[in-house]
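*Asks:* Pasting a structure here, questions to come.
The values are calculated or read from the model by the stated rules, or taken from the named source; none is laboratory data. Everything quoted here is computed from the prediction, not taken from an experiment. Here the Cβ positions follow ideal geometry from the backbone for every residue, glycine too, while neighbour counts run over all protein chains shown.
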Amino acid sequence: MAGNSLNSVDPEIAGLITAEERRQADTVKLIASENYVSRAVLEATGTVLTNKYSEGYAGKRYYEGQQVIDQIETIAVERAKSLFGVNHANVQPYSGSPANLAIYLAFLNPGDTVLGMGLPFGGHLTHGWSVSATGKWFNSVRYGVRKETGRIDMDEVRALALEHRPKLIFCGGTAIPRTIDFPAFAEIAREVGAVLAADIAHIAGLVAGGAHPSPVGHADVISTTTHKTLRGPRGAMLMATSDEHATALNKAVFPGLQGGPHNHTTAAIAVALHEAAQPDFKAYAAQVVKNAQALADELAGRGFDLVSGGTDNHLILMDLTPKGIGGKPAAKALDRAGLETNYNTVPFDPRKPFDPSGIRIGTPSVTSRGMGEAEMRQIGAWIDEVVTAVAKGDAEDVIGRVHREVSDLTAQFPAPGLS
Ligand SMILES: *Cc1c(COP(=O)(O)O)cnc(C)c1O
């Protein structure tokens, strides 16, 4: 049993993994939060490191046998510090949501006030949204975007901060197509004595690759996932520049919230950070943005209503109301055509979150496959053809044809990490 391959031990799961691999190879993945990790990152993830318990931090563990794990975690931490230019990094959070919870535990008591972007405007659940523990256990106040511009209203942020005196302010989000103004948030946080947390989960790869301004020097703490634009395994990191905050964050992650770190993930994060420090990662980050802008331009030219009118980063949020269709039926039809997106609430959406007006699309995955602006224009045309046909109620032929064309394209751009 011990030496047998997955295929012989559990052909059912092995077959499903192969099917998912094929699906990922054959679709144009436009989910803004996803990517394709390299074969090297995948390899590190599937290793015996998963067998080891390592509660604590390098040099201060609660279990013996850390001769190797301590080295791996130290390398991951040093690479994070050097890539992002911070003094401290914690690579142990299991994922982005627990990383953000650790920030609350480090700086707030239950009932304290947090100011974050509202979920319908592009914020994350963990920034104080009502259904999240962060909205139930803390007093959350939310900012949004201006209706006319679709951009964050910094005057509103400041007014809310002065009125509610939050202990913690979150900036960053999951559906923000524009540059985050970290210095402006920092000024407001300083004015009201709040801790500023920059959640760069979506844009970490752009920050690392120099395609988005860095929050370093502005935010007190930085949280990020490692699996979105950064192109690492599913995981997260917390970073800080002050010693005081670093200690508070470390204690909050362990023993505050977590037990043993996922060492196989830590190793894969180290590999991803090494890859992100190479010159070609800068080119990737720049291309992600160029691709998003080419796709945005194509879609806008075809009458799509883009929130904020375009994009500065890797994602596009669009309101399909002018196309006469909701986000959900559009996303489902696009998926059947091999174009994978997600339906998404748009600011001031009159529809319900489970059946909203918009879809969100992003370019990290297609860029990792090597696609460029010409392919983005083609993808924009396909999106338009499918959405227009579905809105008219007669899409079967179009979906079938687009799916065949999508297959021709994906065959020309093999995805990293897939066999
Ligand atoms: C994705 C994301 C998270 C949460 O990450 P999970 O790993 O899914 O828990 C947190 N904040 C932002 C802004 C995100 O986009």
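*Asks:* Yes or no: region 71-93 includes at least one residue that is aromatic (Phe, Trp, Tyr), over 17 Å from ALA197 (Cβ atoms) and touching a strand residue (DSSP E or B) at 6+ places or on another chain (Cβ under 7 Å).
*Replies:* Within region 71-93, none of the residues are aromatic (Phe, Trp, Tyr), over 17 Å from ALA197 (Cβ atoms) and touching a strand residue (DSSP E or B) at 6+ places or on another chain (Cβ under 7 Å).
*Asks:* Scan region 375-398 and report the pairs whose first residue is assigned by TED's automatic domain parsing to the domain that holds ASP305 and whose second residue is part of a helix (DSSP H, G or I) and polar (S, T, N, Q), with Cβ atoms within less than 7 Å and a gap of 6+ or a chain change.
*Replies:* MET376/ASN291
*Asks:* Give me the pairs, please: first residue somewhere in region 268-284 and closer than 13 Å to SER82 by Cα, second residue anywhere and surrounded by fewer than 14 Cβ atoms within 10 Å (Cβ to Cβ), beta-carbon distance under 8 Å, and either six or more positions apart or on two chains.
*Replies:* ALA277/SER82
*Asks:* Also: Among the residues of region 99-137, which ones are within 16 Å of the ligand (Cβ to nearest atom) and either surrounded by fewer than 19 Cβ atoms within 10 Å (Cβ to Cβ) or aromatic (Phe, Trp, Tyr) (or both)?
*Replies:* TYR104, LEU105, PHE121, LEU125, TRP129, VAL131, ALA133
*Asks:* Let me ask something additional. So the check is Cβ under 6 Å with 6+ separation or different chains; which pairs have a first residue in region 4-28 that's farther than 20 Å from THR341 by Cβ and a second one that's polar (S, T, N, Q)?
*Replies:* Close Cβ pairs (under 6 Å, with a partner that is polar (S, T, N, Q)) amount to ALA14/ASN7.
*Asks:* Okay, next question. State all residues of region 324-334 that are surrounded by fewer than 19 Cβ atoms within 10 Å (Cβ to Cβ) and either without any contact (Cβ under 8 Å) to a residue 24 or more places away in the chain or touching a Ser or Thr at 6+ places or on another chain (Cβ under 7 Å) (or both); if no residue qualifies, say none.
*Replies:* Of everything in region 324-334, just one residue is surrounded by fewer than 19 Cβ atoms within 10 Å (Cβ to Cβ) and either without any contact (Cβ under 8 Å) to a residue 24 or more places away in the chain or touching a Ser or Thr at 6+ places or on another chain (Cβ under 7 Å) (or both), namely LYS332.
*Asks:* crowded, with 24+ Cβ neighbours inside 10 Å, of a type in the set (S, T, N, Q) and in a loop (DSSP other than H, G, I, E, B) - does that describe any residue in region 228-235?
*Replies:* Yes: region 228-235 contains one or more residues that are crowded, with 24+ Cβ neighbours inside 10 Å, of a type in the set (S, T, N, Q) and in a loop (DSSP other than H, G, I, E, B).
*Asks:* Same structure again: Residues that are part of a helix (DSSP H, G or I), at negative phi and within 17 Å of the chain's Cα centre (by Cα): does region 310-318 have at least one? Spell out the reasoning first.
*Replies:* Applying the first criterion (part of a helix (DSSP H, G or I)) to region 310-318 yields none.
So far as region 310-318 goes, no, none of its residues is part of a helix (DSSP H, G or I), at negative phi and within 17 Å of the chain's Cα centre (by Cα).
*Asks:* Working only within region 181-222, note down all residues that are within 12 Å of the ligand (Cβ to nearest atom) and either charged (D, E, K, R) or under 27 Å from GLN293 (Cβ atoms) (or both).
*Replies:* Correct list: ALA198, ASP199, ILE200, ALA201, HIS202, ILE203, ALA204, ILE222.
*Asks:* Does region 91-127 hold any residues that are within 17 Å of ILE269 (Cα to Cα) and touching a Phe, Trp or Tyr at 6+ places or on another chain (Cβ under 8 Å), and which are they?
*Replies:* GLN92
*Asks:* From the list GLY260, GLY256, exactly one residue is in the same structural domain as GLU64 (by TED's automatic domain parsing) and not in a helix (DSSP H, G or I). Which is it? Working first, answer last.
*Replies:* Numbers: GLY256 fails: not in a helix (DSSP H, G or I).
Answer to the check: GLY260.
*Asks:* Regarding region 23-42, can at least one residue be identified that is outside the structural domain of ALA197 (by TED's automatic domain parsing) and more than 23 Å from ALA415 (Cα to Cα)?
*Replies:* So far as region 23-42 goes, no, none of its residues is outside the structural domain of ALA197 (by TED's automatic domain parsing) and more than 23 Å from ALA415 (Cα to Cα).
*Asks:* Quick test of your reading of the structure: ASP280 fulfils all but one of (1) over 18 Å from the mean Cα position of the chain (by Cα); (2) surrounded by 17 or more Cβ atoms within 10 Å (Cβ to Cβ); (3) within 30 Å of ALA76 (Cα to Cα). Name the failing condition by number.
*Replies:* Only one criterion is unmet by ASP280, namely (2).
*Asks:* When residues of region 229-284 are filtered for being within 16 Å of the ligand (Cβ to nearest atom), within 22 Å of ASN109 (Cα to Cα) and either in contact with a Phe, Trp or Tyr (Cβ under 7 Å, 6 or more places away or on another chain) or of a type in the set (S, T, N, Q) (or both), how many remain?
*Replies:* Residues meeting the conditions: 2.
*Asks:* Also, quick follow-up: If you scan region 283-310, which residues turn out to be over 25 Å from VAL91 (Cα atoms), small (Gly, Ala, Ser) and crowded, with 19+ Cβ neighbours inside 10 Å?
*Replies:* ALA292, ALA294, ALA296, SER308
*Asks:* So, one more: In region 160-169, is there at least one residue being within 13 Å of the ligand (Cβ to nearest atom) and in contact with a strand residue (DSSP E or B) (Cβ under 8 Å, 6 or more places away or on another chain)? Reasoning before the result, please.
*Replies:* First, pick out the residues of region 160-169 that are within 13 Å of the ligand (Cβ to nearest atom): none.
No, the conditions are met nowhere in region 160-169.
*Asks:* Tell me whether region 218-229 contains one or more residues that are out of contact with any strand residue (DSSP E or B) (no Cβ under 9 Å at 6 or more places or on another chain) and outside the structural domain of ASP384 (by TED's automatic domain parsing).
*Replies:* no
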